[in-house]
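What follows is a single structure, written as structure tokens, with notes after it.
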Amino acid sequence: MNFVTLVLVALLLTGCGTANVNSTPQTLGPSSSTTAGVVSLNFDDGYESAYVHGLPIVEAAGFKTTQFIITKRLDTSGYLTTGQVLAMQNSGHEIAAHTRTHPNLSTLTAAQQQDEIVGSLMDLEAIGVMPTSFAYPYGGHNDNTLLIVQNAGFLSARTTVRGFNDASSNRLLLNGWILGPEGINDLNTITQAIDDAQTKGTWLILIFHRIDETGDATSIPHELLQQIVDHLVEKKTKVVTTREGLDIYGLK
């Protein structure tokens, strides 16, 4: 047996230079990193001031919002026009329903709630919007409300209960943080909530109303909105619409 033959035999015996057909392929386990949380920017009621003073700040950062519309106030003084709603939809913002006239639904009969909830859905459909998200005015709801919202085909509904959302949340009882003099108006509290959501992998919904309407209890200055948006950008926080949040957390 010559030298070359000896080398070949040695290689075969040690397995060097050959595929080990009996070995088990190495597989990678699931990532140990926690999924980063997300933030949604909700604008309630459909105020013109939010469109004029707030939306440019949000859009400059490349973020998309969810706009909850009181449908019978469209095209009236101080509120959005139909054209503005459609322009936002065309720009990638989510248009959602917020009843026809903004009553506390828990004080209404089932028939009255039906008109307010389903009626707002029909009003939006009539202008070319197919809403899948709903918000309870004042957070008011009862068993009839939940049943009507579900039967109407809404994928989600948001309350005014302050808290975070995750995969265990009820999609028809989403939590949200109201900002403004009647809610939270402190930048440090807001940014801490954003950081907590991102760190813990939860979903934070921030609720805005009017922007730069001095003296109104639901208004915040555009400077505060700018600071919030700047923080989201700085922290590279993922900003999503309400519909996108449902998909992320598997709330079906």
Any chance region 109-123 includes a residue that's of a type in the set (D, E, K, R), assigned to a helix (DSSP H, G or I) and crowded, with 19+ Cβ neighbours inside 10 Å?
yes
Those residues of region 88-108 which are outside any helix (DSSP H, G or I) and not hydroxyl-bearing (Ser, Thr, Tyr), in sequence order
GLY92, HIS93, GLU94, ILE95, ALA96, ALA97, HIS98, ARG100, HIS102, PRO103, ASN104, LEU108
Across region 208-252, which residue is surrounded by the fewest Cβ atoms within 10 Å (Cβ to Cβ) among those that are small (Gly, Ala, Ser) and out of contact with any Lys or Arg (no Cβ under 7 Å at 6 or more places or on another chain)?
GLY215
Identify all residues within region 218-227 that are in contact with a helix residue (DSSP H, G or I) (Cβ under 8 Å, 6 or more places away or on another chain) and part of a helix (DSSP H, G or I); write none if there are none.
HIS222, LEU224, LEU225, GLN226, GLN227
Given the structure, is THR160 in contact (Cβ under 8 Å) with a residue 24 or more places away in the chain, buried (at least 21 other Cβ atoms within 10 Å of the Cβ) and assigned to a loop (DSSP other than H, G, I, E, B)?
no
Within region 80-98, of all residues that are in contact with a Gly (Cβ under 8 Å, 6 or more places away or on another chain) and buried (at least 20 other Cβ atoms within 10 Å of the Cβ), the one farthest from VAL52 (Cα to Cα) is HIS98
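Residue-by-condition table, conditions (1) more than 26 Å from LEU204 (Cα to Cα); (2) in contact (Cβ under 8 Å) with a residue 24 or more places away in the chain; (3) aromatic (Phe, Trp, Tyr):
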{"residue": "SER40", "(1), (2), (3)": "no, yes, no"}
{"residue": "GLY54", "(1), (2), (3)": "no, yes, no"}
{"residue": "ALA61", "(1), (2), (3)": "no, yes, no"}
{"residue": "PHE68", "(1), (2), (3)": "no, yes, yes"}
{"residue": "HIS98", "(1), (2), (3)": "no, yes, no"}
{"residue": "ILE117", "(1), (2), (3)": "no, yes, no"}
{"residue": "LEU121", "(1), (2), (3)": "no, yes, no"}
{"residue": "GLY128", "(1), (2), (3)": "yes, yes, no"}
{"residue": "TYR136", "(1), (2), (3)": "no, yes, yes"}
Residue by residue through region 228-252, note down the ones that are touching a helix residue (DSSP H, G or I) at 6+ places or on another chain (Cβ under 9 Å) and assigned to a loop (DSSP other than H, G, I, E, B).
LYS235, LYS236, THR237, VAL240, LEU251, LYS252
Residue that is nearest to GLU213 (Cα to Cα) [pool: residues in region 74-87 that are in a helix (DSSP H, G or I) and not hydrophobic (A, V, I, L, M, F, W, C)]
GLN84
Candidates GLY245, GLY176, GLY201 - the one that is within 17 Å of the chain's Cα centre (by Cα), at positive phi and in contact (Cβ under 8 Å) with a residue 60 or more places away in the chain
GLY201
Every residue from region 186-206 that is among the aliphatic types (A, V, I, L, M) and within 21 Å of ARG158 (Cα to Cα):
ILE190, ALA193, ILE194, ALA197, LEU204, ILE205, LEU206
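Each value in this text was obtained by applying a stated rule to the coordinates, not by laboratory testing. What you are looking at is a predicted structure, and each value in this text was computed from that prediction instead of being measured. Glycine also receives a Cβ, built like all others from the backbone with ideal geometry; neighbour counts cover every protein chain displayed.
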